[in-house]
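Please read the structure below before turning to the comments.
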Amino acid sequence: MSLLRNAIYLAWTDTRARYKKSFLGPFWLTLSNLIGVLGLSLVWANLLKEDMHTFVPSLTIGMIVWQLVAGAIGDAPGTFVRQANVIRNVAIPTWFFAVRALSRHAINLVHNLVIVVGVVIYFKFPLTLVTWLAVPGLALVILNLYWITFFLGIIGARFRDIEYLVSSFLPLLFFISPVIFRPDRLPVSMEIIWMNPLSYFIEVVRAPFLGKVPSLATYLIMLGLLLTGGTLTALITHSRGKRIAFWI
Amino acid sequence: MAEISFENVTLSYPIYNNRNMSLRSQIVRIATGGTIEQEAGQHTVVTALKNVSFKLQDGDAVGLVGHNGAGKSTLLRTIAGIYQPVSGTIHRKGRVATVFEIGAGLEPELSGYENIINLGMMMGLSLNQAKALTPDVEEFTELGDFLKLPVRTYSSGMTMRLMFAVATSITPEILLIDEMFATGDSNFQEKSLARIKKLISSAKIFVFASHNPGLIRTYCNRLFKLEHGHLEEVSFDVLGSHKVSQ
């Protein structure tokens, strides 16, 4: 239990070390996201002829959840490889490194929440009981990202191509996810969006913010992913986890 | 009560080259047969430890000798629980601290003080316990105001002082050290000797891999020799015949 706390603390030191010599520190993430959201809002709201008042909050939350998901998945294959010099020198259970890597992205998310709060206040977005469904939604996202980090970390330590493979597919997944456009507003049917599992990661957190209860299917898919992925990861850790120290 | 016992421990590990690390060769291996399969499927397997058995008890200070590549570092990592053996059983009782590679686990951008806490927490201490190490480490390392500077500004000798101080101040029951004292000055060697003596006298286990016969004579009371993965306990006379200068 104390190791879990330590992993999260060390993720916080990682974040501090990364921005050590900059003035804004981790808030650079917040600022660059703010700039991104503003720019995209201007362009896309006009292109898609959307109402700014509903489009901007939807885009903001979509972008921020996407950053968490894409950041965690993009870094996942390097989870153990990057920590090679610790793994080869200190006996720590492998999950420690997965928690540490994922916590770094969760810390970034916390910094980005400032933007969400700003948007909610500025656009006078109504906070209702439904909004709080975003919390269990986010918990489902993080639990799923945990097994993904662990799983890709192990595979990525053995096969170094995985890292490049993952990072070349992520942009594609972004374009077939509902981050920028709202699927119900599109002139053409974009069913392909729902073939992308990451779309549900966005939907389960964003829908409550927009005053909608996420569909039962969304919850079932998130839970199903968690169960299958979690089992798969447990199996692979059981059979291959001991070899990680030799691969890195 | 610290205790380590190895029974017929054999450890081998694969060395993957770039070809084996890539998915392409693995896919080719599935898709084709014959010669390519052979070529792609080949990887070197190094057997670093062969049927190693020994028992260490309280107060044992073991010197580990052997030429480069004899398996000294691998044995230390196996004792620490970092590498898992292919066969054989290992029993380990007691908190382990390791000093293997200089700079391992340190965050170069953060100060010495912050790194003391990081290292302590990686060894499983709570934040407060890790903070409590600071005065002891300050006193031992004599780094003074350098502890406020980023670790990337440290010389290797200073880095080693810091790592050794943290590893010994958590009062481990098993202390494992890979050849490293070469970078320390004589003042540091004296201080570290005193610490290790104290550790051994309080009934703990110390294992030290080194090429320096002088250091091994001073620190250790048992001597293990590794040769091609085979381990045998030898007498200290072996050191004399080598005539390696200190």
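The values are calculated or read from the model by the stated rules, or taken from the named source; none is laboratory data. Remember, it's a predicted structure, so these values are computed and weren't measured experimentally. Because the Cβ atoms are built from the backbone with ideal geometry, glycine has one as well, and the counts that use them run over all protein chains shown. For accessibility, only protein heavy atoms count, side chains too; no ligands or nucleic acids. Shrake-Rupley method; radii C 1.70, N 1.55, O 1.52, S 1.80 Å.
Restricting the range B:38-92 to residues that are β-branched (Val, Ile, Thr), open to solvent by 10 Å² or more (accessible area, probe 1.4 Å) and within 14 Å of B:Thr10 (Cα to Cα), which is farthest from the other protein chains (Cβ to nearest Cβ)?
The residue in question is B:Thr89.
Picking from A:Val56, A:Val43, A:Val86, which residue would you name as being aliphatic (A, V, I, L, M) and out of contact with any helix residue (DSSP H, G or I) (no Cβ under 8 Å at 6 or more places or on another chain)?
A:Val43
For the range A:158-174, how many residues meet the condition of being of a type outside the set (Val, Ile, Thr) and within 12 Å of chain B (Cβ to nearest Cβ)?
The total comes to 7.
Would it be correct to say that B:Glu114 is among the acidic types (Asp, Glu) and either open to solvent by 50 Å² or more (accessible area, probe 1.4 Å) or touching a strand residue (DSSP E or B) at 6+ places or on another chain (Cβ under 8 Å) (or both)?
Criteria not met by B:Glu114.
Mind checking which residues of the range B:93-122 are more than 7 Å from chain A (Cβ to nearest Cβ) and either at positive phi or part of a loop (DSSP other than H, G, I, E, B) (or both)?
Answer for the range B:93-122, where residues must be more than 7 Å from chain A (Cβ to nearest Cβ) and either at positive phi or part of a loop (DSSP other than H, G, I, E, B) (or both): B:Gly94, B:Arg95, B:Ile102, B:Gly103, B:Leu106, B:Pro108.
With the condition kept exactly as written, say whether any residue in the range A:128-145 is aliphatic (A, V, I, L, M) and either more than 18 Å from A:Ala207 (Cα to Cα) or touching an Asp or Glu at 6+ places or on another chain (Cβ under 8 Å) (or both).
Yes: the range A:128-145 contains one or more residues that are aliphatic (A, V, I, L, M) and either more than 18 Å from A:Ala207 (Cα to Cα) or touching an Asp or Glu at 6+ places or on another chain (Cβ under 8 Å) (or both).
Identify all residues within the range A:1-53 that are among the aromatic types (Phe, Trp, Tyr), under 14 Å from A:Asn108 (Cβ atoms), without any contact (Cβ under 8 Å) to a residue 40 or more places away in the chain and within 14 Å of chain B (Cβ to nearest Cβ); write none if there are none.
Once the filter is applied, which keeps residues that are among the aromatic types (Phe, Trp, Tyr), under 14 Å from A:Asn108 (Cβ atoms), without any contact (Cβ under 8 Å) to a residue 40 or more places away in the chain and within 14 Å of chain B (Cβ to nearest Cβ), the range A:1-53 yields only A:Tyr19.
Scan the range B:135-148 and tell me whether some residue there is within 25 Å of B:Leu215 (Cβ to Cβ), part of a strand (DSSP E or B) and of a type outside the set (D, E, K, R).
No, the conditions are met nowhere in the range B:135-148.
Going through the range A:39-53 one residue at a time, which ones are part of a helix (DSSP H, G or I), open to solvent by 60 Å² or more (accessible area, probe 1.4 Å) and within 23 Å of A:Thr131 (Cβ to Cβ)?
Hits for the range A:39-53 are A:Met52, A:His53.
Filter the range B:118-169 for residues that are under 17 Å from A:Ala91 (Cβ atoms) and among the hydrophobic types (A, V, I, L, M, F, W, C); which is most open to solvent (accessible area, probe 1.4 Å)?
B:Met123
I'd like the residue in the range B:219-241 that is modelled with pLDDT of 85 or more and not in a strand (DSSP E or B) and, out of all such residues, is farthest from B:Ile174 (Cα to Cα).
B:His228
With modelled with pLDDT under 85 and part of a strand (DSSP E or B) as the only criterion, which of B:Val45, B:Val62, B:Val28, B:Val9 stands out?
After applying the criteria, what remains is B:Val45.
Only one residue in A:Val81, A:Val56 is closer than 13 Å to A:Ala101 by Cβ, among the β-branched types (Val, Ile, Thr) and either modelled with pLDDT under 95 or surrounded by fewer than 22 Cβ atoms within 10 Å (Cβ to Cβ) (or both), so which one is that?
From the options A:Val81, A:Val56, the qualifying one is A:Val81.
What is the one condition in (1) among the β-branched types (Val, Ile, Thr); (2) open to solvent by less than 20 Å² (accessible area, probe 1.4 Å); (3) in a helix (DSSP H, G or I); (4) away from chain A (no Cβ under 12 Å) that B:Ile200 does not satisfy?
Exception for B:Ile200: condition (2).
Looking at A:Leu133, A:Leu68, A:Leu109, which one is more than 14 Å from chain B (Cβ to nearest Cβ), surrounded by 19 or more Cβ atoms within 10 Å (Cβ to Cβ), in contact (Cβ under 8 Å) with a residue 40 or more places away in the chain and more than 17 Å from the chain's Cα centre (by Cα)?
The conditions single out A:Leu133.
Among the numbered conditions (1) in contact (Cβ under 8 Å) with a residue 24 or more places away in the chain; (2) assigned to a helix (DSSP H, G or I), tell me where A:Phe80 comes up short.
(2) is the only condition that A:Phe80 fails.
State whether the residues of the range A:17-28 include one that is part of a helix (DSSP H, G or I) and open to solvent by less than 20 Å² (accessible area, probe 1.4 Å).
The answer is yes; a qualifying residue exists.
Among the residues of the range A:196-217, write down those that are outside any loop (DSSP other than H, G, I, E, B), under 18 Å from the mean Cα position of the chain (by Cα) and over 20 Å from A:Thr54 (Cβ atoms).
Across the range A:196-217, the qualifying residues are A:Pro197, A:Leu198, A:Tyr200, A:Phe201.
Taking the stated definitions as given, is A:Ala98 open to solvent by less than 40 Å² (accessible area, probe 1.4 Å), hydrophobic (A, V, I, L, M, F, W, C), under 15 Å from the mean Cα position of the chain (by Cα) and more than 19 Å from A:Gly230 (Cβ to Cβ)?
no
Looking at (1) modelled with pLDDT under 90; (2) loosely packed, with under 14 Cβ neighbours inside 10 Å, which one does B:Pro172 not meet, given that it meets all the others?
(2)
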